[in-house]
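Notes follow the structure.
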Amino acid sequence: MPEMKGGCLCGQLRYMANAEPVFIGVCHCKNCQKESGTAFNVVVAVPQSAVSIQGSPRTYTSKGDSGMDYVRRLCPNCGSTILSEPAALPGIAALRAGTLDDTSWLKPNMEIFCESAQPWVQLGGGMQRFPKMPPMPG
């Protein structure tokens, strides 16, 4: 996998990640719906240690479905969330796919938190569907 690069809407934050994705998923949880202002988020999960951020993101912490902290890193200027760090997935950074410079290679392989999905959303592509977050290998 080539190095992934991306950034926020205004360009104040930039990031690089140099790792194979742990998973690429469509998240239908209520927090992702509220954060994105739409039906879901597409995330590229990578090891936190593989991500470097240029700029100073603002941090917003809330509770995830697990009851554990869910940290978002967002631009203090334009408000774009560039990644999140769910405590329920230690060591994982979930990059927001829409913030990547090149998305031509993206192919989500799972849908998560489908129990919260909007009833009108039906995605194709033969992805595995999970009512919540499945256990991660390892």
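The values are calculated or read from the model by the stated rules, or taken from the named source; none is laboratory data. Source: prediction; values computed, not measured. A quick note on method: Cβ atoms are made from the backbone with ideal geometry, for glycine too, and the neighbour counts reach across all protein chains shown.
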- Message: So, Ile24, is that one surrounded by 17 or more Cβ atoms within 10 Å (Cβ to Cβ) and β-branched (Val, Ile, Thr) or not?
- Response: yes
- Failed condition for Arg73, given (1) in contact with a Phe, Trp or Tyr (Cβ under 7 Å, 6 or more places away or on another chain); (2) in contact (Cβ under 8 Å) with a residue 12 or more places away in the chain, with all others met? (1)
- Which of (1) closer than 24 Å to Glu3 by Cβ; (2) surrounded by 18 or more Cβ atoms within 10 Å (Cβ to Cβ); (3) in contact (Cβ under 8 Å) with a residue 60 or more places away in the chain is the odd one out, the single condition Ala45 does not satisfy? (3)
- Query: Quick check, is Val26 of a type outside the set (Ser, Thr, Tyr), under 22 Å from Phe130 (Cα atoms), in contact (Cβ under 8 Å) with a residue 60 or more places away in the chain and touching an Asp or Glu at 6+ places or on another chain (Cβ under 6 Å)?
  - Reply: yes
- Report those strands (runs of 3 or more DSSP E) wholly inside the stretch 48-122 carrying at least 2 residues which are surrounded by fewer than 18 Cβ atoms within 10 Å (Cβ to Cβ) and at pLDDT 95 or above. 51-54, 58-63
- Message: Which condition from (1) in a strand (DSSP E or B); (2) under 15 Å from the mean Cα position of the chain (by Cα) is the one that Ala39 breaks?
- Response: (1)
- Item | Unmet criterion (only one of (1) loosely packed, with under 15 Cβ neighbours inside 10 Å; (2) at pLDDT 95 or above; (3) over 30 Å from Gly124 (Cβ atoms)) for Leu13 | (1)
